[in-house]
1. Being assigned to a helix (DSSP H, G or I) and surrounded by fewer than 19 Cβ atoms within 10 Å (Cβ to Cβ): is that true of GLN406 here?
2. Looking at the range 245-288, which of the residues that are touching a residue at least 24 places away in the same chain (Cβ under 8 Å) and of a type in the set (Gly, Ala, Ser) is surrounded by the fewest Cβ atoms within 10 Å (Cβ to Cβ)?
3. With respect to ALA415, is the statement that it is open to solvent by less than 70 Å² (accessible area, probe 1.4 Å), hydrophobic (A, V, I, L, M, F, W, C), modelled with pLDDT under 95 and farther than 30 Å from SER276 by Cβ true?
4. Name the residues in the range 245-297 that are of a type in the set (A, V, I, L, M, F, W, C), part of a helix (DSSP H, G or I), under 23 Å from the mean Cα position of the chain (by Cα) and within 21 Å of LEU71 (Cβ to Cβ), would you?
5. Give VAL351, VAL302 a once-over and let me know the one that is modelled with pLDDT of 90 or more and either out of contact with any His (no Cβ under 8 Å at 6 or more places or on another chain) or open to solvent by less than 50 Å² (accessible area, probe 1.4 Å) (or both).
6. For GLN423, indicate whether it is of a type outside the set (D, E, K, R) and either at pLDDT 95 or above or assigned to a helix (DSSP H, G or I) (or both).
7. Which of the following residues is touching a residue at least 40 places away in the same chain (Cβ under 8 Å), under 30 Å from LEU270 (Cβ atoms) and among the aliphatic types (A, V, I, L, M): LEU444, LEU417, LEU410?
8. Here is a check on your reading of the model: is VAL198 within 29 Å of ARG439 (Cα to Cα), touching a Ser or Thr at 6+ places or on another chain (Cβ under 8 Å), assigned to a helix (DSSP H, G or I) and among the β-branched types (Val, Ile, Thr)?
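The values are calculated or read from the model by the stated rules, or taken from the named source; none is laboratory data. Here the structure is a predicted model, which means the values were calculated and not measured. No Cβ is skipped: glycine too gets one built from the backbone with ideal geometry, and neighbour counts run over all protein chains shown. When the accessible area is computed, the model is the full protein with side chains, heavy atoms only, and any ligands, DNA or RNA have been set aside. Shrake-Rupley method; radii C 1.70, N 1.55, O 1.52, S 1.80 Å.
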Amino acid sequence: MRYDAMKTRLSAALLVSALLAGCASYTPQPIHPDKTADALARRTLSDPRLLRFLAAQLHKSSAPPWNLSTLSLVAAYERPDMPLAEARLLEAKGGETTAAALPNPNLQLAPTYDTTTPAPPWTVGPVVTFLIQSYGARPARIAQARARTEQAREAIAVTAWQLRGQVRTAMLDLWAAQQAAALAAQRASLAERYREVVAQRYQAGMVSAATLTTATLALNQAELELASQRRASRLGRASLAAALGLPTTALDGVDLDMRGIAHPRQPGRLEPLIHSALTSRPDVLAALAHYAAAEAALRLAVAQQYPAIDIGPGYHYDQGDNKFILSISLPLPILNQNQGPIAQARAARRVAAEQFLATQTNVLAEIDQARTDWHASVSELDSARRLRKAAADALKREQDAFAAGQIGRLRILGARLAYVQAQQGALSASVHERNALGRLEAALYHPFLVANRSQ
């Protein structure tokens, strides 16, 4: 009977051990490069899943305008950067679960059969060992895991803003190329008409061959510039598609809303935005979370200088005798008291503190450079606009003189060419100002390149 009871206890212990093994199951998820490549090539802005995502984010059921804000959401949906950041957040949350879990007890079985004993020859019994952690170790692990989760969460915000910056740069480049191509087309048309008039006068013997050659070279230069700007426009469209994570064909026939680029919102007082950036920019908060994780690691290292205790209550069936045992084991802190890991953790905390200060310093430097660039570009734009107005006034005078018959066609065409050149200079200054505004937007984590409400 005792032998049967022993077998029953052994079977029960094995059954409990099997049940405690866990319920998670493995599901393979292989990656097929050919399928992912086909899916990438088929991406469009009319994808129903993408449109549902945009409707949920924008709280609109109608077709969204393809402006900077909407296309930034498209990049967050299509580009792998955001899913990667979200996966790292899930990984960090898994670390929280691990840190909060209590250590499992250990079950030990050591059946022994004694052939020299006439009594029941078996010695068997389970021993369950429980780990009693050092005081404060588990809370420190949990705090460290939570800080890493917060760092991963802030990384998502950083990724989203970086994606917006890439889309903004691509849209600005495309807008600049389109505007430059339109002005280059005007200039080429005027240069062609100018050359025709000069050729007519050359045939009439009114101008020299050198004058005709100069007009021809100006036309060739204008046509070359037009071809270059049209090429830049096509490349800008491809760059925008790459920033969105879409093939270039996905933008065919799409009406892009450039009002936020053409008429950006001008900054007001920057001081509140600067203070907010220095204290609550996502990369600053991520550096702060990194410091919190380092501080929790030091707290854990200090807690681990006190040894953990293993307590093992158990039962032995020893040749017909029932024996209950209690084993206690702990390391003796004689040779070291975890001083090495404590020193490393303390140094890591100091490194994290210096990294936080370095992050704030870099943010301030980035803001100062962007603000300086923006102020200088505004001055450049003002000068370019004054030159454009002077060219417009000169064109108006020449038009009045032409209408009165006081000047010929060459003078009026020359004035129109000068005005187009002044417009090109103003456009170049406008591009510089918007690039500087984009840098300021990126530094302050505050959008400026959005359409004015009056637009």
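1. On the way: assigned to a helix (DSSP H, G or I): no; surrounded by fewer than 19 Cβ atoms within 10 Å (Cβ to Cβ): yes.
Taking the combined requirement at face value, the residue does not satisfy it.
2. Top of the filtered list is SER276.
3. Details: open to solvent by less than 70 Å² (accessible area, probe 1.4 Å): yes; hydrophobic (A, V, I, L, M, F, W, C): yes; modelled with pLDDT under 95: yes; farther than 30 Å from SER276 by Cβ: yes.
Yes.
4. Within the range 245-297, ALA250, LEU251, ILE261 meet the criteria.
5. Matching residue, one of VAL351, VAL302: VAL351.
6. Criteria met by GLN423.
7. Numbers: LEU417 fails: under 30 Å from LEU270 (Cβ atoms); LEU410 fails: under 30 Å from LEU270 (Cβ atoms).
Criteria check complete, one pass: LEU444.
8. Working: within 29 Å of ARG439 (Cα to Cα): no; touching a Ser or Thr at 6+ places or on another chain (Cβ under 8 Å): yes; assigned to a helix (DSSP H, G or I): yes; among the β-branched types (Val, Ile, Thr): yes.
In short, no.
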